[in-house]
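The values are calculated or read from the model by the stated rules, or taken from the named source; none is laboratory data. Keep in mind that what you see is a predicted model, and the values were worked out from it rather than measured. Don't worry about glycine lacking a Cβ; one is built from the backbone with ideal geometry, like all the others, and counts go over all protein chains shown.
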Amino acid sequence: MDVILKYQAYRNILKTGFLVVGGKPGHALPADARNATSMHFGDAAVFLGWYMGVLATEYYLLSNGLMPSGTLHPRKTLRELFFALKALDRLIQTAPGYFNPLAQSQPVLNQGFFIRDDVPQEIRFHFRGVTRVVSDYQAAVKTQNEESQDQLIHLLLGLSLVRRFIPAETAVLGKNLIALSQRLAYEICAWPSRTRWVIRNPYLDLKKVDRGPYAVLFSHPIIKLLERVDGRASELKPTVCLLFKILWKYVLKHNLGRASNATNLHLILTLASLSDSWSRNSLRFLIRLSRKFDWPVYPLLNVVMWGDVRPWKKPWIPALREWAGPMLRSAPEGGLSYDGSPPGWKASHRFLFGREAQEEGQSYYAGMSFPGVDFMLLHNLFQIANSLRG
């Protein structure tokens, strides 16, 4: 099957089997896995960020005639993107009452702190045969639903691609999408900047979040990428410690210790790709580090984000195409799953996990299928990078 036709099939699987397009609780948040009777929403904000990125790049491809429309339509893509952005807005607005019910009846300063998801059991009624839904929103311990550094960083991936590929005047239901994405990006960055880049819960007496609180190592590239999304980023620059700026610019681009394991490396590569803050040779470092876990999506992301203003990146496109092309062709036509995918595509998200999970799968997800946002964003970046040649 042609990779574009495969992409369109994956989009249909995502839209009909893994999420509900709309503005109610749980809507516009992709499940990370499901089977015939149950759905799992884990790291939902991470998948939301990639979903935003898929939609922004899809709109660019469709509206510029770079991808045959088939079953897709630019206006419908924008409508989905609007609801995806509103989903993040909803996760911010819902946070006060989730952790402190009294806050529902009191004025609360919008802190930019968000919850991972707001998926209720009732969402199962949108999917035939599903009888059980697992989500962090329903966790017995509410602090399991607090934001974390990885949720923040991958949301910025999506918001950055919205800023890059959606025209400034674009509006849906009277709301300007760029203005909305800029506000959301600024808010979710501004909150950790106020707490010295250790993420704390403003609705639980500034308690350090239970999962992934330490964003301080990433503070410099977060501000650098925010500069390209929203001009107010300069207000947050003084919150970045010089030591961590130096560590980012001169140390983390090398394959060192724990920074090079899959858990940390996908965060480093996401930020390095979006911020392009490793000097003129940043793409060389990105490619070398991405080879470790076979992640071509990150250097492609860098070329697509910056190739228009930094043309010295374009000569790398043929090599990146040779890397990503066979990967796209190897993905199964009927969607991704633990049992049905070939080695390489067996993880719930290929570009967050190392080679063992990619090749053998994660036992937790045995018998489940996946939303495919990893394949879809790789596809779109691949097509856009190809259009930049010359």
Among the residues of the stretch 198-205, are any without any contact (Cβ under 8 Å) to a residue 60 or more places away in the chain, hydroxyl-bearing (Ser, Thr, Tyr) and part of a loop (DSSP other than H, G, I, E, B)? no
When you go through 19, 48 one by one, which is the residue that is under 26 Å from residue 169 (Cα atoms) and modelled with pLDDT of 95 or more? 48
Every listed condition ((1) in a helix (DSSP H, G or I); (2) surrounded by fewer than 24 Cβ atoms within 10 Å (Cβ to Cβ); (3) of a type in the set (S, T, N, Q)) holds for residue 380 save (2)
Which pairs turn up if I take residues in the stretch 347-360 that are under 18 Å from residue 377 (Cβ atoms) and look for partners that are of a type in the set (S, T, N, Q) and not in a loop (DSSP other than H, G, I, E, B) with beta carbon separation below 6 Å, at least 6 apart in sequence or on another chain? 347/358; 350/358
I'm checking my understanding of the structure. Among residues of the stretch 277-298 that are touching a residue at least 40 places away in the same chain (Cβ under 8 Å) and over 16 Å from the mean Cα position of the chain (by Cα), which one is surrounded by the fewest Cβ atoms within 10 Å (Cβ to Cβ)? 294
Is it the case, given these coordinates, that residue 180 is buried (at least 20 other Cβ atoms within 10 Å of the Cβ) and either touching a residue at least 40 places away in the same chain (Cβ under 8 Å) or not charged (D, E, K, R) (or both)? yes
Candidate set from the stretch 318-363 (those that are more than 22 Å from the chain's Cα centre (by Cα) and closer than 17 Å to residue 38 by Cβ); member that is surrounded by the most Cβ atoms within 10 Å (Cβ to Cβ): 339
Going by what's in this entry, would residue 153 be described as in contact with a helix residue (DSSP H, G or I) (Cβ under 6 Å, 6 or more places away or on another chain), without any contact (Cβ under 8 Å) to a residue 40 or more places away in the chain and β-branched (Val, Ile, Thr)? no
Between a first residue in the stretch 59-74 that is within 14 Å of residue 5 (Cα to Cα) and of a type in the set (S, T, N, Q) and a second residue that is modelled with pLDDT under 95 and surrounded by fewer than 15 Cβ atoms within 10 Å (Cβ to Cβ), which pairs have beta carbons less than 9 Å apart while being 6 or more apart in sequence or on different chains? none
